[in-house]
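The values are calculated or read from the model by the stated rules, or taken from the named source; none is laboratory data. Just so it is clear, the model here is predicted, and its values are computed rather than measured. Because the Cβ atoms are built from the backbone with ideal geometry, glycine has one as well, and the counts that use them run over all protein chains shown.
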Amino acid sequence: NAGVTQTPKFQVLKTGQSMTLQCAQDMNHEYMSWYRQDPGMGLRLIHYSVGAGITDQGEVPNGYNVSRSTTEDFPLRLLSAAPSQTSVYFCASRMDSANTEAFFGQGTRLTVV
Amino acid sequence: DQQVKQNSPSLSVQEGRISILNCDYTNSMFDYFLWYKKYPAEGPTFLISISSIKDKNEDGRFTVFLNKSAKHLSLHIVPSQPGDSAVYFCAAADSGGGADGLTFGKGTHLIIQP
(Lines give C-alpha, C1' and ligand atoms only; values in the text may rest on other atoms or scores of the structure.)
Protein backbone atom coordinates (compact mmCIF):
# COMPACT_ATOMS: atom_id res chain seq x y z
CA ASN A 1 0.00 0.00 0.00
CA ALA A 2 2.34 2.74 -1.26
CA GLY A 3 0.11 5.85 -0.94
CA VAL A 4 2.15 8.93 -1.92
CA THR A 5 5.76 8.30 -2.94
CA GLN A 6 8.35 11.04 -3.27
CA THR A 7 11.84 10.76 -4.73
CA PRO A 8 14.56 11.58 -3.94
CA LYS A 9 14.53 11.84 -0.13
CA PHE A 10 17.60 14.07 -0.05
CA GLN A 11 19.23 16.29 -2.66
CA VAL A 12 22.02 18.86 -2.71
CA LEU A 13 22.10 21.27 -5.65
CA LYS A 14 24.41 24.06 -6.68
CA THR A 15 22.90 27.47 -7.35
CA GLY A 16 21.62 27.61 -10.92
CA GLN A 17 21.19 23.86 -11.35
CA SER A 18 17.86 22.37 -12.31
CA MET A 19 16.13 19.30 -11.01
CA THR A 20 12.77 17.57 -10.79
CA LEU A 21 11.20 16.29 -7.58
CA GLN A 22 9.04 13.29 -8.32
CA CYS A 23 5.68 12.50 -6.74
CA ALA A 24 3.42 9.54 -7.48
CA GLN A 25 0.21 8.33 -5.84
CA ASP A 26 -1.63 5.06 -6.33
CA MET A 27 -4.96 6.00 -4.75
CA ASN A 28 -6.54 7.41 -7.93
CA HIS A 29 -6.85 10.83 -6.27
CA GLU A 30 -7.80 13.74 -8.48
CA TYR A 31 -6.22 16.46 -6.32
CA MET A 32 -2.46 16.73 -5.84
CA SER A 33 -0.40 19.50 -4.25
CA TRP A 34 3.14 20.52 -3.45
CA TYR A 35 4.07 22.22 -0.17
CA ARG A 36 7.30 23.47 1.29
CA GLN A 37 8.08 23.48 4.99
CA ASP A 38 10.48 26.02 6.41
CA PRO A 39 11.39 26.56 10.09
CA GLY A 40 8.74 28.66 11.82
CA MET A 41 6.64 28.89 8.65
CA GLY A 42 4.45 25.80 8.68
CA LEU A 43 3.56 24.28 5.29
CA ARG A 44 3.01 26.62 2.38
CA LEU A 45 1.28 25.66 -0.87
CA ILE A 46 3.46 25.94 -3.99
CA HIS A 47 1.32 24.52 -6.81
CA TYR A 48 -1.68 22.25 -7.04
CA SER A 49 -3.62 20.22 -9.59
CA VAL A 50 -7.30 19.30 -9.62
CA GLY A 51 -6.89 16.67 -12.32
CA ALA A 52 -4.75 15.55 -15.23
CA GLY A 53 -3.91 18.48 -17.47
CA ILE A 54 -4.97 21.10 -14.90
CA THR A 55 -2.56 22.97 -12.63
CA ASP A 56 -2.61 26.24 -10.74
CA GLN A 57 -0.45 28.35 -8.47
CA GLY A 58 -0.53 28.32 -4.72
CA GLU A 59 0.86 30.77 -2.18
CA VAL A 60 4.58 30.55 -3.12
CA PRO A 61 4.86 29.49 -6.81
CA ASN A 62 7.85 31.56 -7.97
CA GLY A 63 10.82 29.50 -9.15
CA TYR A 64 8.80 26.30 -9.57
CA ASN A 65 6.99 24.65 -12.47
CA VAL A 66 4.58 21.73 -12.46
CA SER A 67 2.73 19.57 -14.95
CA ARG A 68 0.12 16.81 -14.59
CA SER A 69 0.07 14.52 -17.59
CA THR A 70 -1.37 11.54 -15.68
CA THR A 71 -3.57 11.14 -12.60
CA GLU A 72 -0.75 9.34 -10.78
CA ASP A 73 2.20 11.72 -11.22
CA PHE A 74 2.78 15.35 -10.26
CA PRO A 75 6.45 16.37 -10.67
CA LEU A 76 7.83 19.66 -9.34
CA ARG A 77 10.57 21.32 -11.38
CA LEU A 78 13.17 23.80 -10.21
CA LEU A 79 14.55 25.43 -13.36
CA SER A 80 17.38 27.40 -11.74
CA ALA A 81 17.84 26.56 -8.06
CA ALA A 82 18.46 29.34 -5.55
CA PRO A 83 19.56 29.12 -1.88
CA SER A 84 16.09 30.46 -0.90
CA GLN A 85 14.67 27.17 -2.20
CA THR A 86 16.48 25.20 0.50
CA SER A 87 13.56 23.54 2.25
CA VAL A 88 11.68 20.32 2.87
CA TYR A 89 9.17 19.61 0.13
CA PHE A 90 6.02 17.57 0.61
CA CYS A 91 3.68 16.22 -2.02
CA ALA A 92 0.08 15.47 -1.05
CA SER A 93 -3.01 14.00 -2.67
CA ARG A 94 -6.73 14.19 -1.89
CA MET A 95 -9.71 12.42 -3.35
CA ASP A 96 -11.48 15.70 -4.05
CA SER A 97 -11.88 19.16 -2.57
CA ALA A 98 -14.91 18.44 -0.42
CA ASN A 99 -14.19 17.40 3.12
CA THR A 100 -11.46 14.89 2.48
CA GLU A 101 -8.09 14.67 4.13
CA ALA A 102 -4.81 15.01 2.25
CA PHE A 103 -2.27 12.19 2.32
CA PHE A 104 1.36 13.25 2.37
CA GLY A 105 4.56 11.73 1.08
CA GLN A 106 7.66 11.35 3.23
CA GLY A 107 9.24 14.54 1.97
CA THR A 108 12.32 15.61 0.02
CA ARG A 109 15.00 17.57 1.88
CA LEU A 110 16.61 19.92 -0.62
CA THR A 111 19.72 21.99 0.04
CA VAL A 112 20.88 24.59 -2.48
CA VAL A 113 24.46 25.76 -1.98
CA ASP B 1 -1.45 37.81 6.57
CA GLN B 2 -1.80 34.47 8.31
CA GLN B 3 -5.22 32.94 7.83
CA VAL B 4 -4.59 30.05 10.23
CA LYS B 5 -2.79 30.80 13.47
CA GLN B 6 -1.32 28.52 16.08
CA ASN B 7 -0.04 30.93 18.68
CA SER B 8 1.78 28.42 20.88
CA PRO B 9 5.01 27.22 19.23
CA SER B 10 5.42 24.59 21.95
CA LEU B 11 3.49 22.94 24.75
CA SER B 12 4.72 20.66 27.51
CA VAL B 13 2.27 18.27 29.22
CA GLN B 14 2.71 15.48 31.75
CA GLU B 15 1.96 11.94 30.66
CA GLY B 16 -1.60 10.97 31.51
CA ARG B 17 -2.89 14.57 31.60
CA ILE B 18 -4.92 16.40 28.96
CA SER B 19 -3.17 18.17 26.08
CA ILE B 20 -5.06 21.09 24.54
CA LEU B 21 -3.79 22.56 21.29
CA ASN B 22 -5.41 25.71 19.96
CA CYS B 23 -5.93 27.17 16.49
CA ASP B 24 -7.56 30.38 15.25
CA TYR B 25 -8.57 31.29 11.72
CA THR B 26 -9.58 34.51 10.00
CA ASN B 27 -11.13 33.38 6.70
CA SER B 28 -14.88 32.91 7.19
CA MET B 29 -15.03 30.86 3.97
CA PHE B 30 -13.17 28.00 5.66
CA ASP B 31 -15.63 25.17 6.28
CA TYR B 32 -13.45 22.13 6.87
CA PHE B 33 -10.71 21.81 9.45
CA LEU B 34 -8.08 19.17 10.02
CA TRP B 35 -5.33 18.32 12.46
CA TYR B 36 -2.12 16.68 11.33
CA LYS B 37 0.65 15.14 13.39
CA LYS B 38 4.24 15.21 12.23
CA TYR B 39 7.28 13.34 13.50
CA PRO B 40 10.80 14.46 12.48
CA ALA B 41 11.88 13.30 9.02
CA GLU B 42 8.39 12.06 8.18
CA GLY B 43 5.46 13.49 6.27
CA PRO B 44 2.43 14.87 8.13
CA THR B 45 -0.20 12.25 8.96
CA PHE B 46 -3.89 12.97 9.24
CA LEU B 47 -5.29 12.84 12.76
CA ILE B 48 -8.85 14.12 12.87
CA SER B 49 -11.11 16.54 11.04
CA ILE B 50 -14.32 18.49 11.56
CA SER B 51 -16.82 20.02 9.20
CA SER B 52 -18.28 23.44 9.96
CA ILE B 53 -21.73 21.89 10.38
CA LYS B 54 -20.49 20.25 13.60
CA ASP B 55 -19.01 21.63 16.78
CA LYS B 56 -17.34 18.46 18.03
CA ASN B 57 -15.78 15.32 16.62
CA GLU B 58 -14.23 12.47 18.60
CA ASP B 59 -11.90 9.66 17.64
CA GLY B 60 -10.58 7.64 20.56
CA ARG B 61 -8.32 9.84 22.68
CA PHE B 62 -8.63 12.75 20.25
CA THR B 63 -11.44 15.30 20.22
CA VAL B 64 -11.66 18.42 18.08
CA PHE B 65 -13.93 21.30 19.07
CA LEU B 66 -15.02 24.03 16.68
CA ASN B 67 -16.37 27.43 17.75
CA LYS B 68 -17.41 29.12 14.50
CA SER B 69 -18.46 32.40 16.05
CA ALA B 70 -15.01 32.78 17.61
CA LYS B 71 -13.26 31.27 14.57
CA HIS B 72 -11.45 28.96 16.95
CA LEU B 73 -10.80 25.25 17.12
CA SER B 74 -8.97 23.10 19.60
CA LEU B 75 -7.61 19.57 19.74
CA HIS B 76 -7.87 17.68 23.03
CA ILE B 77 -5.78 14.59 23.69
CA VAL B 78 -6.79 12.55 26.73
CA PRO B 79 -4.84 10.91 28.24
CA SER B 80 -1.57 12.14 26.75
CA GLN B 81 1.01 9.47 25.96
CA PRO B 82 4.75 9.67 25.19
CA GLY B 83 4.07 8.73 21.54
CA ASP B 84 1.99 11.89 21.21
CA SER B 85 5.16 13.99 21.31
CA ALA B 86 5.25 15.53 17.83
CA VAL B 87 4.48 18.73 15.93
CA TYR B 88 0.75 19.29 15.41
CA PHE B 89 -0.50 21.33 12.48
CA CYS B 90 -3.95 22.82 12.21
CA ALA B 91 -5.23 23.15 8.62
CA ALA B 92 -8.30 24.66 7.02
CA ALA B 93 -10.02 24.42 3.65
CA ASP B 94 -12.74 26.18 1.72
CA SER B 95 -14.44 23.20 0.07
CA GLY B 96 -16.47 25.40 -2.24
CA GLY B 97 -13.61 27.63 -3.30
CA GLY B 98 -11.74 27.63 -6.57
CA ALA B 99 -8.30 27.07 -5.07
CA ASP B 100 -7.39 23.69 -3.71
CA GLY B 101 -4.86 22.86 -1.08
CA LEU B 102 -5.02 23.31 2.63
CA THR B 103 -3.96 26.41 4.56
CA PHE B 104 -1.76 25.40 7.47
CA GLY B 105 -0.81 27.01 10.74
CA LYS B 106 2.84 27.15 11.80
CA GLY B 107 2.48 24.17 14.12
CA THR B 108 2.73 23.47 17.84
CA HIS B 109 5.45 21.21 19.19
CA LEU B 110 3.84 19.01 21.85
CA ILE B 111 6.20 17.45 24.39
CA ILE B 112 4.83 14.79 26.70
CA GLN B 113 6.86 14.59 29.92
CA PRO B 114 7.11 11.18 31.64
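Values as computed for the structure displayed
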{"item": "B:Ser69 vs. criteria touching a residue at least 24 places away in the same chain (Cβ under 8 Å) and of a type outside the set (Lys, Arg)", "result": "no"}
{"item": "Wholly within segment B:17-114, strands (runs of 3 or more DSSP E) carrying at least 2 residues that are of a type in the set (A, V, I, L, M, F, W, C)", "result": "B:19-25, B:32-38, B:45-51, B:62-67, B:72-77, B:86-93, B:108-113"}
{"item": "Exclusive hit being charged (D, E, K, R), within 14 Å of another protein chain (Cβ to nearest Cβ) and touching a residue at least 60 places away in the same chain (Cβ under 8 Å), set B:Asp94, B:Asp84", "result": "B:Asp94"}
{"item": "In segment B:21-32, residue nearest to the other protein chains (Cβ to nearest Cβ) [restricted to those that are under 16 Å from B:Gly105 (Cβ atoms) and modelled with pLDDT under 95]", "result": "B:Tyr32"}
{"item": "Whichever residue in segment B:57-99 is under 22 Å from B:Asn7 (Cβ atoms) and loosely packed, with under 13 Cβ neighbours inside 10 Å and, among such residues, is farthest from the chain's Cα centre (by Cα)", "result": "B:Ser69"}
{"item": "Every residue from segment A:26-59 that is farther than 11 Å from A:Leu76 by Cβ and charged (D, E, K, R)", "result": "A:Asp26, A:Glu30, A:Asp38, A:Arg44, A:Asp56, A:Glu59"}
{"item": "Strands (runs of 3 or more DSSP E) wholly inside segment A:32-113 that include at least 1 residues being more than 11 Å from chain B (Cβ to nearest Cβ)", "result": "A:64-66, A:76-78, A:87-94, A:108-112"}
{"item": "Looking only at segment B:1-20, and only at residues there that are more than 14 Å from every other protein chain (Cβ to nearest Cβ) and out of contact with any helix residue (DSSP H, G or I) (no Cβ under 8 Å at 6 or more places or on another chain), the one that is farthest from B:Thr108 (Cα to Cα)", "result": "B:Gly16"}
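The rows are residues; the columns are (1) touching a Ser or Thr at 6+ places or on another chain (Cβ under 8 Å); (2) in contact (Cβ under 8 Å) with a residue 60 or more places away in the chain; (3) under 23 Å from B:Thr103 (Cβ atoms); (4) not β-branched (Val, Ile, Thr).
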| residue | (1), (2), (3), (4) |
| --- | --- |
| A:Lys14 | no, yes, no, yes |
| A:Gly40 | no, no, yes, yes |
| A:Leu45 | yes, no, yes, yes |
| A:Gln57 | no, no, yes, yes |
| A:Asn62 | no, no, yes, yes |
| A:Arg68 | yes, no, yes, yes |
| A:Leu78 | yes, yes, no, yes |
| A:Ser87 | no, no, yes, yes |
| A:Gly107 | no, yes, yes, yes |
